[in-house]
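Below is one structure; the comments refer to it alone.
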Amino acid sequence: MSSKPFAALFAGLAIAVSGVAAQEPASKVFLQFADGAQSAKVERTGTTCSMLFMSAADKTAVTVLIGRTSVTSQLYLLTTADVGVDREEFDFRRLTTEGIVTDRKAFIKKEQGPGIFEYASSLKALQLDFDDIQKTGGFLLTRPNDESAAVLVKFDGVERDRTIAAMGECLASLPSHWSLDD
């Protein structure tokens, strides 16, 4: 699959995520860049901050929405890897600054376009908040006891750090947002 259809899909996804996050008409972009290899967008729409980080080379993306409630706070992993079925439990691993954190969680799986799959779960179900996301350098989903196929979404590097910083600014601009402490 070439990078152009993948990039077009994610550009459309960014627009769709913004529309879903819309709770008020005001929108503010905190970061937007694309260098051909990676792209990112962090914006606030109403009372929800959204972060999209895409790697065209890996054909993967991570999107995080954080709003006032657990319903508006979601994690989306997008990839060309077709693993498992909708609502299946996966071994969910995060590469963190303290090591690998493993858990077993259910994900909603949808095909976003030909050969592009979205794996989604609420941050509450994953027991993650922004503090956890900013310490994460990658996500891995595998079927329990079967690592023959995997969803691997890298989330590292200088541009990732810029994206995390912009998401922090966005969340600081909200009067309040959902976290595990709620």
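The values are calculated or read from the model by the stated rules, or taken from the named source; none is laboratory data. Computed from a predicted structure; not experimentally measured. Virtual Cβ from ideal backbone geometry, glycine too; neighbours counted across all protein chains shown. Areas reflect the complete protein model, heavy atoms only, side chains present, ligands, DNA and RNA absent. Shrake-Rupley method; radii C 1.70, N 1.55, O 1.52, S 1.80 Å.
Data for the structure
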quantity: Any hit, the stretch 115-132, residues being over 25 Å from S70 (Cβ atoms), touching a residue at least 12 places away in the same chain (Cβ under 8 Å) and surrounded by fewer than 19 Cβ atoms within 10 Å (Cβ to Cβ); calculated: yes
quantity: Tally of residues being in a strand (DSSP E or B) and not β-branched (V, I, T) across the stretch 43-76; calculated: 14
quantity: Residue check, K109 within 24 Å of V29 (Cα to Cα) and either of a type outside the set (A, V, I, L, M) or at pLDDT below 95 (or both); calculated: no
quantity: Given (1) open to solvent by 40 Å² or more (accessible area, probe 1.4 Å); (2) at negative phi, index of the condition N145 fails; calculated: (2)
quantity: Tally of residues being open to solvent by 20 Å² or more (accessible area, probe 1.4 Å) and without any contact (Cβ under 8 Å) to a residue 40 or more places away in the chain across the stretch 83-113; calculated: 15
quantity: Helices (runs of 4 or more DSSP H) enclosed by the stretch 111-182 - at least 3 residues per element that are among the β-branched types (V, I, T); calculated: 158-172
quantity: Check on L140, closer than 21 Å to E118 by Cβ, surrounded by 12 or more Cβ atoms within 10 Å (Cβ to Cβ) and touching a Gly at 6+ places or on another chain (Cβ under 8 Å); calculated: no
quantity: Residues satisfying the stated conditions in the stretch 27-38, i.e. buried (at least 16 other Cβ atoms within 10 Å of the Cβ) and at pLDDT 95 or above; calculated: F30, L31
quantity: Long-range neighbours under 6 Å by Cβ, at least six apart or interchain, first residue open to solvent by 50 Å² or more (accessible area, probe 1.4 Å) within the stretch 164-179, second not in a helix (DSSP H, G or I); calculated: E169/F30; H177/I66
